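J.: Okay, handing you the structure first.
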Amino acid sequence: MADKLGVSVDCVVKTIFDKTLTNDMKKFIGGKVKTAIGKSSKLELDDHPDPGFSMTITLELTKDDKSKPPQIKAVIAIAIMGSGITASTINLKTPAAGDAGSNPAKFGDRAKDVVDALLDNMLPKVIKAMEAKAP
C-alpha cells in the first residue's frame with residue numbers, strides 16, 4: 001500500500017459568545033478531527049504535509065438570548081487545500097442550533113453538544129473527499 005497522505009489541522013474560533021470557551025472549543029474540535037483522521041487507512045496527521053492536505057476549521061458560536069428558550073447557534077466552515085497532489089480544494093460550511101437551557105453554567109456543555117453534532121455530520125464527508133485523492 002502507498003504511503004498515507006498527511007493532513008495538517010488548524011482550528012480557528014472566529015466568533016464566540018463566551019471568550020473563556022475559546023481554548024476548550026479548539027481542543028474539542030482538534031480532538032474530533034484527529035480521531036477521524038486516525039481512523040482513516042489513507043490519511044495521517046502531519047504538521048507539514050507534502051503531499052497532503054492543509055485543513056482549516058473555523059467556528060462561529062453565538063447565543064441568541066432573545067429566543068425562548070435561548071439558542072446556541074454554531075457555524076463550522078472547513079476549508080481544505082491539497083499540496084503536492086492533483087490541485088484540489090474542498091470547502092464545506094454548515095450551521096446548526098440548539099437550546100442553550102436556562103443554566104449559564106451549562107452553556108459551554110450545550111455549545112459543545114451543538115458543535116459535536118455538526119462535526120459528526122461533516123467529518124465523514126470531509127475524510128471521504130480527502131481519501132478519494134489518496135493513492
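The values are calculated or read from the model by the stated rules, or taken from the named source; none is laboratory data. No experiment lies behind these values; they were computed from the predicted model shown. In this analysis, Cβ positions are derived from the backbone assuming ideal geometry, glycine residues included, and neighbour counts consider all displayed protein chains. Surface accessibility is based on the protein's heavy atoms, side chains included, excluding ligands, DNA and RNA. Shrake-Rupley method; radii C 1.70, N 1.55, O 1.52, S 1.80 Å.
J.: Give the residue that is farthest from D24 (Cα to Cα), with candidates limited to residues of the range 60-70 that are without any contact (Cβ under 8 Å) to a residue 40 or more places away in the chain and either open to solvent by less than 40 Å² (accessible area, probe 1.4 Å) or acidic (D, E) (or both). Write out each step before concluding.
T.: Start the filter on the range 60-70 by keeping residues that are without any contact (Cβ under 8 Å) to a residue 40 or more places away in the chain, which leaves 64-70.
Of the ones still in play, those that are also either open to solvent by less than 40 Å² (accessible area, probe 1.4 Å) or acidic (D, E) (or both) are 64-65, 67, 70.
Values: D64: 21, D65: 22, S67: 25, P70: 21 Å.
Among those residues, the one meeting the criterion is S67.
J.: Something else: Here are the criteria: (1) out of contact with any Phe, Trp or Tyr (no Cβ under 6 Å at 6 or more places or on another chain); (2) surrounded by 14 or more Cβ atoms within 10 Å (Cβ to Cβ); (3) part of a strand (DSSP E or B). Tell me which single one V33 does not satisfy.
T.: Tallying (1) out of contact with any Phe, Trp or Tyr (no Cβ under 6 Å at 6 or more places or on another chain); (2) surrounded by 14 or more Cβ atoms within 10 Å (Cβ to Cβ); (3) part of a strand (DSSP E or B), V33 fails exactly one: (3).
J.: Next up: List the number of the failed condition for V126; all other conditions in (1) in contact (Cβ under 8 Å) with a residue 60 or more places away in the chain; (2) over 20 Å from I37 (Cβ atoms) hold.
T.: (2)
J.: So is D116 assigned to a helix (DSSP H, G or I) and more than 18 Å from A129 (Cα to Cα) or not?
T.: Working: assigned to a helix (DSSP H, G or I): yes; more than 18 Å from A129 (Cα to Cα): yes.
Yes, satisfied.
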